[in-house]
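Q: Dropping a structure here in structure tokens format, bear with me for questions.
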Amino acid sequence: MKVAIIGTTAWGTTLGIMLARRGIDVALWARTREEAERLERARENTARLPGIPFPKKLTPTSSIEETLKGSSLVILAVPSQQMRQNVRLVKGHIDQSTPILSAAKGLEVDTAKRMSQVIAEELSPEYRSNICVLSGPNLSKEIAQGLPASTVIASEDARLAERVQGIMNSPSFQVSTSDDVVGVELGGALKNIIALGAGMVDGLGYGNNAKATYMARGLTEITRLGIALGASPLTFIGLACLGDLLTTCSSPLSRNHTLGEGLARGRSMGEVMASMGSVVEGVTTTPAALKLARELGVEMPITERIYRVLFEGLNPAQAMAELIGGQGV
């Protein structure tokens, strides 16, 4: 068995390490020969996942043909805003029977489309039934360290979801399946918006009562938009949303929480993001979600306030005062 992973992100690298530890051949695609050679020399991703060595079965490569040839599964683990261009690169090299798993958690900012929609638009119609998505409480660093975690793989085809589950499942990474692609994707994407605000609550020192209030309202907001888009409300109280929400709103490993906390403490968005050196999906998902909400007539007061903080200069303390109380500014 061989798995191809598109994207040397922390999450893509983590999934590659996890699979390779189980004896599965993994080809990790890097965009340039220089990056592939650097990864091979170091035998770890020093930029995004330092201190976690590559297993012998993981091979970095810059050849898209070499990466995809003979693959039993293709995992797209790229930032959501780069998904479309990456699918265009790989689509001529994927076998028609190969499952395609999206591991990205975001919405395309210009179109407000989910990643499975973006992938489907770029692939020929005969490939579209092979698309599935992954979401859950999955902090990459913990999983790379071998700590236990769970996730959800969703597909409209139950047999496809079970097939990918069989490849991804392990004693330390428990995989369940769902047929609610919309709900699983939205849960994974929209929780990033809520996590930005949770970081602000923590940065302002408002305490656990305020944070619990905020998170509960955030879950309601996510569910409201999900139902309007045809998702099952039950999906949002499972791993793919509530589980992911709890993790992302609480952990210092969460980039979205880190950004929100930094903003509440007076740092600029550019400064905080530069210090992390990686994509913060909530920043682009926020305007995309707000676009969807306005088109559907769905009220999303948290998303609106987070948008104003990110792009219109609203003070985080004022935003949280409007949402959960407090003195504001």
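The values are calculated or read from the model by the stated rules, or taken from the named source; none is laboratory data. Keep in mind the model is a prediction, meaning the values are calculated, not measured. Neighbour counts run over all protein chains shown; Cβ positions are idealised from the backbone, glycine included.
Q: Could you grab the pairs with beta carbons closer than 7 Å, sequence gap of 6+ or different chains, first residue in the stretch 257-278 and over 19 Å from residue 80 (Cβ atoms), second one of a type outside the set (Gly, Ala, Ser) and surrounded by fewer than 18 Cβ atoms within 10 Å (Cβ to Cβ)?
A: Within 7 Å, the pairs are 263/269.
Q: Just checking, which of 243, 270, 277 is out of contact with any helix residue (DSSP H, G or I) (no Cβ under 7 Å at 6 or more places or on another chain) and buried (at least 21 other Cβ atoms within 10 Å of the Cβ)?
A: Numbers: 270 fails: buried (at least 21 other Cβ atoms within 10 Å of the Cβ); 277 fails: buried (at least 21 other Cβ atoms within 10 Å of the Cβ).
Step by step, each of 243, 270, 277 is checked, and only 243 is out of contact with any helix residue (DSSP H, G or I) (no Cβ under 7 Å at 6 or more places or on another chain) and buried (at least 21 other Cβ atoms within 10 Å of the Cβ).
Q: Every residue in the stretch 65-124 that is among the charged types (D, E, K, R) and either more than 18 Å from residue 167 (Cα to Cα) or in contact with an Asp or Glu (Cβ under 7 Å, 6 or more places away or on another chain) (or both), please. Give the derivation first.
A: Taking the stretch 65-124 first, the residues among the charged types (D, E, K, R) are 65-66, 69, 84, 88, 91, 95, 105, 108, 110, 113-114, 121-122.
Hits for the stretch 65-124 are 65, 66, 84, 88, 91, 105, 108, 110, 113, 114, 121, 122.
Q: Looking at the stretch 23-137, what strands (runs of 3 or more DSSP E) fall wholly within it and have at least 3 residues that are among the hydrophobic types (A, V, I, L, M, F, W, C)? Steps first, answer last, please.
A: On the way: elements: 25-29, 58-61, 73-76, 100-102, 131-135.
Result: 25-29, 73-76, 131-135.
Q: Scanning for something surrounded by fewer than 22 Cβ atoms within 10 Å (Cβ to Cβ), of a type in the set (D, E, K, R) and either in a helix (DSSP H, G or I) or touching a residue at least 24 places away in the same chain (Cβ under 8 Å) (or both), does the stretch 211-220 turn up at least one residue?
A: The answer is yes; a qualifying residue exists.
Results for (1) in the same structural domain as residue 228 (by TED's automatic domain parsing); (2) surrounded by fewer than 18 Cβ atoms within 10 Å (Cβ to Cβ); (3) in a strand (DSSP E or B), shown as yes or no for each residue.
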{"position": "146", "(1), (2), (3)": "no, yes, no"}
{"position": "153", "(1), (2), (3)": "no, no, yes"}
{"position": "164", "(1), (2), (3)": "no, no, no"}
{"position": "174", "(1), (2), (3)": "no, yes, yes"}
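Q: Turning to a different aspect of this structure: How about the stretch 222-254: which of its residues are farther than 15 Å from residue 135 by Cβ, assigned to a helix (DSSP H, G or I) and touching an Asp or Glu at 6+ places or on another chain (Cβ under 8 Å)?
A: 224, the sole residue that qualifies.
Q: Let me ask you something else. How do the pairs read when you match residues in the stretch 21-43 that are polar (S, T, N, Q) with residues anywhere that are surrounded by fewer than 20 Cβ atoms within 10 Å (Cβ to Cβ), using Cβ under 6 Å and keeping only pairs 6 or more apart or on different chains?
A: 32/62
Q: Related question: Please determine whether any residue of the stretch 44-52 is surrounded by 23 or more Cβ atoms within 10 Å (Cβ to Cβ), at pLDDT 95 or above and over 23 Å from residue 170 (Cα atoms).
A: No.
Q: Further question on the same structure: Within the stretch 104-117, which residues are surrounded by fewer than 24 Cβ atoms within 10 Å (Cβ to Cβ) and among the hydrophobic types (A, V, I, L, M, F, W, C)?
A: Listed by number, the residues that qualify are 109, 112.
Q: Within the stretch 272-304, restricting attention to residues that are among the charged types (D, E, K, R) and under 22 Å from the mean Cα position of the chain (by Cα), which residue is farthest from residue 8 (Cα to Cα)? Spell out how you get there, then give the answer.
A: Step one: of the stretch 272-304, the residues among the charged types (D, E, K, R) are 281, 291, 294-295, 299, 304.
Those left that are additionally under 22 Å from the mean Cα position of the chain (by Cα): 281, 291, 304.
Working: 281: 16, 291: 30, 304: 32 Å.
Step by step, filter the stretch 272-304, then rank; the result is 304.
Q: Right, here's the next one. Out of the residues in the stretch 286-326 that are among the small types (Gly, Ala, Ser) and part of a helix (DSSP H, G or I), which is surrounded by the most Cβ atoms within 10 Å (Cβ to Cβ)? Steps first, please.
A: Restricting attention to the stretch 286-326, the residues satisfying the condition of being among the small types (Gly, Ala, Ser) are 288-289, 293, 297, 313, 317, 319, 321, 325-326.
In the following step, the residues that additionally are part of a helix (DSSP H, G or I) were identified as 288-289, 293, 317, 319, 321.
Working: 288: 24, 289: 30, 293: 20, 317: 18, 319: 26, 321: 17.
Here the residue is 289.
Q: Have a look at 125, 137 and point out the one that is out of contact with any Leu (no Cβ under 6 Å at 6 or more places or on another chain) and over 19 Å from residue 281 (Cα atoms). I'd like the intermediate steps shown before the answer.
A: Details: 137 fails: over 19 Å from residue 281 (Cα atoms).
Only one candidate qualifies: 125.
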